[in-house]
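Some notes on the structure that comes next.
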Amino acid sequence: MQIFGVDIGGSGIKGAPVDLDRGELAQERCKVLTPHPATPDGVAEGVRQVVQHFGWTGPVGLTFPGVVTDGSTIRTAANVDKSWIDTDARALFSERLDGLPVTVTNDADAAGVAEMRYGAGRGHRGTVIVLTLGTGIGSAVFVDGALVPNTELGHLELHGHDAEKKASSKAKEDEDLSWEHWAKRLQKYLAHLEMLFSPELFILGGGVSRKADKFLHLIHGIRAEIVPAQLQNNAGIVGAAMLAARDEQAA
Ligand code: BGC
């Protein structure tokens, strides 16, 4: 079965039809730049272009980088335009996509769902925490494979700041931190999460997951296993499509 997935990020809006039997993109993805400011109207136009590029007419799953309740209502907007807050995103996107059925999910939750089914979390029971280290830090918490949605662990406090302002990959870039320096912050953050949740496994996603060899060996004193995500750039697209498929089946 194929369902369309779209990942809305700080820099790009990326999408493709997803082959849900294999957990892979069925065609090469299409990307448009995220408008700045990233307002509902501008982002919806980008989404329309991506979906239209494939002439897609079926269900569409989308990710959003903030809290999303009931597959539709946006509750927070840390790294996008604040006018998103309280937007009925399902209505907005569905209207822009000529009435196609739409499901909207937090971006890290979507990426986590895909990692648990097709990637580094496959078959893992107990508590698993998937973190996406990008512009912000996204989190997806699983207990025996079931998602606890909208956990927002990137906003825990670290060094007196929002953790994502200190330990995201954007923080590494903005402050020009060495791998050693950044890994120290990440280690402190992971230790805090371990104290709160005692997970069996941390899965680290986002762009830096491709550079795991540069920093994983620098993280010490964490009892849980720490592994890089496997689906990398496409986890959000795949997870968004999986969640849209689930809603489609429930309808
Ligand atoms: C948002 C989360 C999101 C994460 C990654 C955070 O700032 O609050 O909802 O998952 O960034 O995009």
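Quick notes on this one:
- About the Cα centre, charge dipole magnitude for the chain (Lys/Arg +1, Asp/Glu -1 at Cβ), debye: 520
- Exposure proxy order (Cβ contacts within 10 Å, fewest to most) of Glu200, Glu157: Glu157, Glu200
- Taking a ≥ b ≥ c as the square roots of the eigenvalues of the alpha-carbon gyration tensor, the stretch 21-175 is classed oblate because a/c is 1.5 or more while a/b is no larger than b/c.
- Helical mean residue ellipticity (222 nm; -39500 (n - 2.57) per DSSP H run of 4+; nearest 500) of the chain: -10000 deg cm²/dmol
- Proximal lysines relative to Lys188, as straight alpha-carbon distance under 28 Å, when same-chain residues fewer than 8 apart are discounted: Lys165, Lys166, Lys170, Lys172, Lys211, Lys214
- The loop-placed GluC sites (Glu not before Pro) in the stretch 1-55, going by DSSP, that have at most 14 neighbouring Cβ atoms within 10 Å of their Cβ come out as Glu28.
- Candidate aspartates and glutamates - alpha carbon under 13 Å from Lys82, same-chain residues fewer than 8 apart omitted: Asp41
- Extension gain, Asp176 back to Thr57 (0.36 nm per residue minus Cα-Cα distance, nm): 38.4 nm
- Exposure proxy shown here: for Met1, Met195, the number of other Cβ atoms within 10 Å sets the order, fewest to most, as Met195, Met1.
- Farthest positive-ward along the chain dipole, Cα basis, beta-carbon charges - from Ile219, Val60, Leu147: Ile219
- Computed extension gain for Leu196 through Ile85, at 0.36 nm per residue and net of the alpha carbon distance, reaches 37.1 nm.
Computed from the coordinates by the stated procedures, all read-outs in this text should not be read as laboratory data. The shown structure was predicted, so the numbers you read here are calculated from the model rather than taken from an experiment. Cβ atoms come from the backbone with ideal geometry, glycine included; neighbour counts cover every protein chain shown.
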